[in-house]
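All remarks here apply to the structure that follows.
The values are calculated or read from the model by the stated rules, or taken from the named source; none is laboratory data. The shown structure was predicted, so the numbers you read here are calculated from the model rather than taken from an experiment. Ideal geometry is used to build each Cβ from the backbone, glycine not excepted, and the neighbour counts take in all protein chains shown.
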């Protein structure tokens with residue numbers, strides 16, 4: 001068994017002092033969770049309003065999912081865009097897609113405003129496909145993109161695939177036919193079972209390091225309006241009509257609004273003085289998956305890249321894949337390599353032990369990743385790969401597969417920016433901008449980020465408001 005050692009936490013400043021909450025206090029907004037969602041939400045509120053912001057973190061800055069993720073930037077949902085359009089309509093699906101794609105501009109704006117100088121890479125990345133079903137799903141996604149006014153993603157299908165010359169005419173213009181070697185070159189593999197490659201914008205970011213540097217900017221610019229308290233878990237949240245009380249152990253925070261920027265599994269009890277049951281519903285909004293990743297260093301002689309490999313053609317085309325990123329990485333001061341990160345194995349939380357970052361890394365997951373690397377990317381049969389990093393993280397999945405961003409329908413004192421759904425960095429940044437619109441008093445349009453994660457849980461208590469938004473096909 002191996003230890004949970006993250007390459008992202010390895011780059012953090014270990015000399016940075018953390019502060020615990022030492023007294024009762026009153027503030028305008030309290031954010032629970034100091035990962036990328038919490039820190040970016042604090043950034044947006046402080047930059048765009050005059051409100052005071054307190055962030056409470058049960059552990060340390062960015063030491064949760066933000067410090068134990070794959071480090072990829074992808075403006076995708078972890079389900080096909082076509083399936084979202086089938087459930088909610090093309091207009092709402094495409095609006096949601098545009099929203100998470102806006103995360104690229106938000107990230108660059110934060111970099112410029114906070115004058116960040118930490119590495120961030122953007123490029124055209126790739127997804128390798130091995131079956132007709134996987135190809136058809138991407139073609140349907142492209143049809144939705146075009147119908148909604150978005151540019152289709154580049155899909156190249158190998159001329160050796162059995163079905164390429166019999167595709168329906170409705171897909172004309174949504175793909176190109178290329179030699180197999182062009183697919184292999186994009187995927188950096190010699191495997192012949194990949195029959196197509198989808199190419200679109202991807203990126204790499206150490207989101208934990210991003211949080212650390214944004215925090216420094218906020219502490220310097222807003223010392224009178226911003227505070228972060230680490231090792232300060234929120235145990236109980238009491239919602240009133242226009243404010244809330246947070247039990248943070250020995251001290252209490254009185255706040256006008258609360259924003260939950262967590263993975264959904266903290267032991268927080270929620271009580272509402274209006275009598276509506278929020279606590280039980282909240283704890284069923286998100287289900288968990290423990291993802292496993294490994295990383296090793298190689299010579300820095302290739303450009304940054306991110307590639308996903310759907311290796312099993314028999315499985316659901318929306319699931320079961322490996323993902324690989326390559327980026328420059330300073331492991332020891334002054335010594336830069338390329339860091340190769342690979343992930344794929346995961347365990348549903350309900351089928352595993354209660355999640356803890358202190359759990360050891362299973363040997364079988366390390367073996368699965370190593371076998372994938374040697375069969376697909378690093379093909380030297382005599383090379384023994386030394387994995388400097390093996391880590392796992394907890395991913396929160398909403399029932400809809402779409403991030404929850406917006407006010408709690410039973411008491412808008414509480415807001416959410418949570419549910420990474422496996423692809424969380426860019427959606428978290430978008431979520432921060434939507435939260436500040438609510439806190440600024442805007443009449444924010446209802447979107448898929450407000451509703452779908454709650455339709456099953458809360459029922460259709462707001463059906464008159466929702467009826468025009470959804471073409472539901474739930475059983």
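Can you find a residue in the stretch 316-326 that is buried (at least 18 other Cβ atoms within 10 Å of the Cβ), under 23 Å from the mean Cα position of the chain (by Cα) and over 16 Å from residue 127 (Cα atoms)?
Residues of the stretch 316-326 that are buried (at least 18 other Cβ atoms within 10 Å of the Cβ), as a first pass: 317, 321-326.
This time we only want the ones that are under 23 Å from the mean Cα position of the chain (by Cα), so: 317, 321-326.
This time we only want the ones that are over 16 Å from residue 127 (Cα atoms), so: none.
No; the residues of the stretch 316-326 include none that is buried (at least 18 other Cβ atoms within 10 Å of the Cβ), under 23 Å from the mean Cα position of the chain (by Cα) and over 16 Å from residue 127 (Cα atoms).
I'm checking my understanding of the structure. Among residues of the stretch 208-219 that are touching a strand residue (DSSP E or B) at 6+ places or on another chain (Cβ under 9 Å) and in contact (Cβ under 8 Å) with a residue 40 or more places away in the chain, which one is nearest to residue 327 (Cα to Cα)?
Among those residues, the one meeting the criterion is 210.
Taking the stated definitions as given, is residue 233 in contact with a strand residue (DSSP E or B) (Cβ under 8 Å, 6 or more places away or on another chain) and either part of a loop (DSSP other than H, G, I, E, B) or without any contact (Cβ under 8 Å) to a residue 60 or more places away in the chain (or both)?
Working: in contact with a strand residue (DSSP E or B) (Cβ under 8 Å, 6 or more places away or on another chain): yes; either part of a loop (DSSP other than H, G, I, E, B) or without any contact (Cβ under 8 Å) to a residue 60 or more places away in the chain (or both): yes.
Judged against the criteria, residue 233 is a match.
Against the condition in contact with a helix residue (DSSP H, G or I) (Cβ under 6 Å, 6 or more places away or on another chain) and either surrounded by fewer than 24 Cβ atoms within 10 Å (Cβ to Cβ) or on the phi > 0 side of the Ramachandran plot (or both), how does residue 62 come out, does it pass?
When the stated conditions are applied, residue 62 passes them.
Report those strands (runs of 3 or more DSSP E) wholly inside the stretch 237-328 carrying at least 2 residues which are more than 30 Å from residue 137 (Cβ to Cβ) and at pLDDT 90 or above. Explain how you work it out, then say what you get.
Numbers: elements: 244-248, 251-260, 269-272, 286-298, 305-309.
Fully inside the stretch 237-328 and qualifying: 244-248, 251-260, 269-272, 286-298.
In the stretch 110-122, what count of residues is obtained for those that are surrounded by 15 or more Cβ atoms within 10 Å (Cβ to Cβ) and out of contact with any helix residue (DSSP H, G or I) (no Cβ under 6 Å at 6 or more places or on another chain)?
Total meeting the criteria: 6.
So which of 19, 55, 29, 94 ends up being part of a helix (DSSP H, G or I), at pLDDT 95 or above and either out of contact with any helix residue (DSSP H, G or I) (no Cβ under 6 Å at 6 or more places or on another chain) or farther than 30 Å from residue 139 by Cβ (or both)?
None of the others qualify; the one that does is 94.
Condition check: at pLDDT below 90 and either in contact with a strand residue (DSSP E or B) (Cβ under 9 Å, 6 or more places away or on another chain) or under 30 Å from residue 254 (Cα atoms) (or both). Does residue 452 satisfy that?
It is true that residue 452 is at pLDDT below 90 and either in contact with a strand residue (DSSP E or B) (Cβ under 9 Å, 6 or more places away or on another chain) or under 30 Å from residue 254 (Cα atoms) (or both).
Please tell me if residue 380 is out of contact with any strand residue (DSSP E or B) (no Cβ under 9 Å at 6 or more places or on another chain), surrounded by fewer than 22 Cβ atoms within 10 Å (Cβ to Cβ) and either at pLDDT 90 or above or over 17 Å from residue 268 (Cβ atoms) (or both). Full working, then the answer.
On the way: out of contact with any strand residue (DSSP E or B) (no Cβ under 9 Å at 6 or more places or on another chain): yes; surrounded by fewer than 22 Cβ atoms within 10 Å (Cβ to Cβ): yes; either at pLDDT 90 or above or over 17 Å from residue 268 (Cβ atoms) (or both): yes.
Answer is yes for this residue.
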